[in-house]
Every structure is written in structure tokens, then in C-alpha cells.
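The block underneath contains the structure these notes are about, expressed in C-alpha cells.
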Amino acid sequence: MSLTRRTLLASSAAALAAPALAQTQGKVVVIGGGFGGASAARFLHKMGFDVTLIEPNAQYISCPFSNAVIAGLRDLSQQTFTYAALERQGIRLVRQMASKIDNSVRRVTLADGVMISYDRLVLAPGIDLNFEALPGYDEAASNLMPHAWKAGAQTLLLRQQLEAMSDGGTVIISAPANPFRCPPGPYERASLIAWYLKNHKPKSKLLILDAKDAFSKQSLFTAAWKEIYGDRVEWIGLSGGGKVTEVKAKEKIFITEFGEHKADVGNVIPPQRAGKIAISAGVADQTGWCPIDPVTFEAKLAPNIHVIGDACVGGGMPKSAFSANAQAKACAQAVAALLRGDAPTEPKLVNTCYSLVKPDYGISVAGVYAPARGLLADVQGAGGVSAANASASVRAAEAQYAEGWYKTITQEVFG
């Protein structure tokens, strides 16, 4: 695990330190200013390309560490970043929504009707919540039972509901089937909410209703829950009747095939799909996600459009901020090669997902990925998870590594 971290920091520092090339022929438009899109824009501009970043929001509120905001451990301001550094670098920032992509003429139409042409387009639209997939749960219902799966107002709403709940109440989290953004996220959230309950509402309990029988870092999470939170946390998987088939938002009721569960605070994490612009551009398939060439990240359904981050079909690579940043770097290299008429090289990508079980208790999973059989596949024998039965000092060190990773990546992307 330490080798992975050193490799990440060294490669990031080297890429940022590389001198910018003279202006290179080729216009690149990037849609989406998250960890993937902002990274792609910065690296392509550094390589000398004319880059336009289309992002309607003046600030980016990050999901990593937002579970700590819900638990009262962080302020939302610590999750909030601007694009000032990208503009200082010379990237053209367009603060509008992209409303249409006409790939036949390589042109993006903005909400105000202005059109921007491109030679290559990088899509990093993130996710949209699939409100049609779970009966009873739509955008209006999320104001009663927040999803908090897009950081910002929903994060604060869930935190406020926890603070207002009487001691002795029940918190219920529903987790969706794969794939979805941040596979360990629901279980880190459950852990930190349990930490909050233990310290502030000790008579309360938390129930996780899951549409899966297995989840990321499962044995590490469940062992930690038993050790730290006792019977305060209960998890019900798919085979035990954990799949939520309907919700009644006003009553805060979760309905499964086995019965109903009433919550005092309900957190619904619904099924997801690629961001709307990817769907309308025709680069998503029937699954709602975007299949890509694993070498270039070019969409399999549309030439000259590359898709990175949560929206793409990443094979074995999970949907995470770390993944999006790594994919952005590989995609930028591929786009540069294609625009120069060179053959792209096959990437080898790394991802590490950190999770906090409590403020001083971290666990992680790391993987290495390479193109194989048309997908990004796990490199056998590389990566791994935190050791079981590690000492308290090791868990505390992992929590510090998580904080260090977050500072490093946000500085690289937005600083």
C-alpha cells in the first residue's frame, strides 16, 4: 500500500512539474469540472492544447470526506473549491450548461445558444441519480429522505436531520446494486453516522438495507462495526431481504420484499447512471453508462468523444475521485497523441479508496488496472486491502493517509 501511495505522489508531482509545451494545434473541449474534468483540462493545457472547460457552477463541492460533514466532523467549506487556479493557468472557463453535442460537426451548444467547436471532446459529467428506478423516490422525495450522494445542500440536510432526531431514533440507509459512485461510500457513511450516534444519541441505532450480498471492504467494515459499535449497526443484504423496492417518503418507510422498515431519519442512495449530457450525446448504452476504449477512453459509440470518471464503464476500476483523476491523466496523454497523429500508449492505472470507520480509524483498498479484453481489468497480484486485525496505531495512520491523499489531490486538481 505504501508503494502505491509513493507512486501516486511521485507521478503527480512529475506531471505537474513538466514544462508546458508551445501551443499545439488542436482544440479540446472538456465538459464537467470535477476531479476528472478539471484534471483533464489542466493536463491538456499543460501539454500545449487550446482547452475550454464547460462547467456551470462557480464552485465544486467534493464528495470525498463529505460523510465526515454529515457526522459533524468537518465543515462544508472544507469540501468547496473554486476554478480560479485553472483560469490563472490560462484555461478558458465557460460557466454554462452544455445543452447539446453534435458530434457530426464536432460542436457543443451551450444553454444560451452559443456554439463551441472541438477537435476532441472529453466528457466528465459524473452521475445522475436515476429517480425512475425506485418507486416512490423522486427529486421531491429527496427533500424528505435525502440521498446526499451529490455533495452540497443534501449533505447538510442529512446532517440537520440527524441533529434533530430524538435519542432512541432509527437511522436507515438503503444502498443500491452495483455499479454506483464510490463503492465503499454507503458503509463509510454508516460508520461515521454510527460514530455520531454513539457520541451524541447513544440510544439510537442504524440499519443498512442493501441490494447486494457483498460490498467493498466488507470484512473490514463488519469487524470494525462489531468492535466499535456493537449492536448499534445492523446490515441486511440482498438474500436477507435488504433490497428496497419502494419508499414512502412522507412516512419515511422503506419497503422490501420481506416487509417494511420505519425510519426516523432515512437516507436513500438510489440507482445511478451517467450524467444527462452523456445520455443525450448518445455515448451511453442501455445500462446508462458509457462504454469506452480502455486505451484512449474514446467512447465506443461515438468517435472523437472521450469519457472519463464516474460516467464511463471502467471495467474493474471503481467509480471514485482517485479513479477519475487517474483516468484524466491517461486520457489527456491519449488525446494528445491522437491530435499529434501518434499511436497512444497503453496506460496502467492505480486507484486507492480510503474509508473512515471513525475519525482515527481508516481502512483502504487499492488496485492496479490495465487494458485487457476491451476493458480496464485488475492486474492480478497488485493492490490489496488493509490488513485484518491491524493495531490501533496502523488504523490511525490510515486515517492520516486519507487526509493526506485528500489534500494532495484537491491541491493538484483545484489548487
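Backbone geometry of segment 25-38 corresponds, through the Karplus equation with coefficients 6.51, -1.76 and 1.60 at θ = phi - 60°, to 3J(HN,Hα) couplings of 5, x, 9, 10, 10, 10, 10, x, x, x, 4, x, x, 5 Hz, x marking Gly and Pro.
Over 20 Å apart at the Cα level, from the set K198/K358; K201/K250; K27/K348; K198/K226; K150/K276; K319/K348, are K201/K250; K27/K348. Taking amide H as placed 1.01 Å from N in the peptide plane, the amide H of E246 sits under 5 Å from that of I255, each at least 5 places away or on another chain.
Annotation: amide H-H contacts under 5 Å for D128 (H modelled 1.01 Å from N, sequence separation of 5 or more, or interchain): R273, A274, G275.
When shorter helices are ignored and each DSSP H run of at least 4 residues is given -39500 (n - 2.57), the per-residue value for the chain at 222 nm works out to -9000 deg cm²/dmol. Shape of segment 141-268 from the C-alpha gyration tensor: rounded (a/c under 1.5, with a ≥ b ≥ c the square roots of its eigenvalues). Taking trypsin sites (Lys or Arg not before Pro) as candidate sites, keep only those in a DSSP loop with at most 11 other Cβ atoms within 10 Å, then name the longest stretch of the chain containing none of them. Longest run free of exposed loop sites: 1-202. Full extension of the chain between A140 and D119 gives 3.6 nm of extra length, using 0.36 nm per residue less the Cα-Cα distance.
Applied to segment 66-75, the Karplus parametrisation 6.51 cos²θ - 1.76 cosθ + 1.60 on θ = phi - 60° returns per-residue 3J(HN,Hα) values of 5, 4, 5, 5, 4, 7, x, 8, 9, 9 Hz, with x for Gly and Pro. Divide the volume of the convex hull around the Cα atoms of the chain by the residue count and you get 137 Å³ per residue.
Extension gain for K226 to T82 (0.36 nm times residue separation, less C-alpha to C-alpha distance): 47.8 nm.
Each residue, D342 and A177, gets one label point 7 Å from its Cα in the Cβ direction; the gap between the two is 4.4 nm.
Rounded to whole numbers, the Karplus 3J(HN,Hα) couplings from phi for segment 129-146 are 7, 8, 6, 8, 7, 10, x, x, 10, 10, 4, 5, 5, 5, 7, 9, 10, x Hz, using 6.51 cos²θ - 1.76 cosθ + 1.60 with θ = phi - 60°, and x at Gly and Pro. Close amide H partners of I269, meaning residues 5 or more places away or on another chain with modelled amide H under 5 Å apart, are S174. Summing Lys and Arg as +1 and Asp and Glu as -1 over all other residues whose Cβ lies under 14 Å from the Cβ of L144 gives a net charge of 0. So, counting K/R as plus one and D/E as minus one, what does the shell of residues with Cβ under 12 Å around G34 add up to? Summing Lys/Arg as +1 and Asp/Glu as -1 gives +1.
Which order results if I70, I236 are arranged by neighbouring Cβ count within 10 Å, fewest first? The partial results should precede the final answer.
Values: I70 25, I236 16.
Fewest-to-most Cβ neighbours within 10 Å comes out as I236, I70.
Placing dummy labels 7 Å off each Cα toward the beta-carbon, the span from L238 to F131 is 2.7 nm.
Would you mind counting up the charge near N67? Only other residues with Cβ under 12 Å from its Cβ, with Lys and Arg at +1 and Asp and Glu at -1. For residues surrounding N67, the net value is +3. Extension gain for the segment R95 to R74, taken as residue separation times 0.36 nm less the Cα-Cα distance, is 4.8 nm to one decimal.
Find the relative contact order for the chain and round it to a whole percent, using C-alpha pairs within less than 8 Å whose residues are 6+ positions apart.
Numbers: 882 pairs, mean separation 73.2, N = 415.
The value is 18 percent.
Rounded to the nearest 0.05, what FRET efficiency do S166 and T408 give with R0 = 41 Å and r taken as the Cβ-Cβ distance? Could you check?
After rounding, the FRET efficiency stands at 0.50.
Here, each number is a calculation from the coordinates, and none is a lab measurement. Computed from a predicted structure; not experimentally measured. Here the Cβ is made from the backbone with ideal geometry for all residues, glycine too, and neighbour counts use every protein chain on show.
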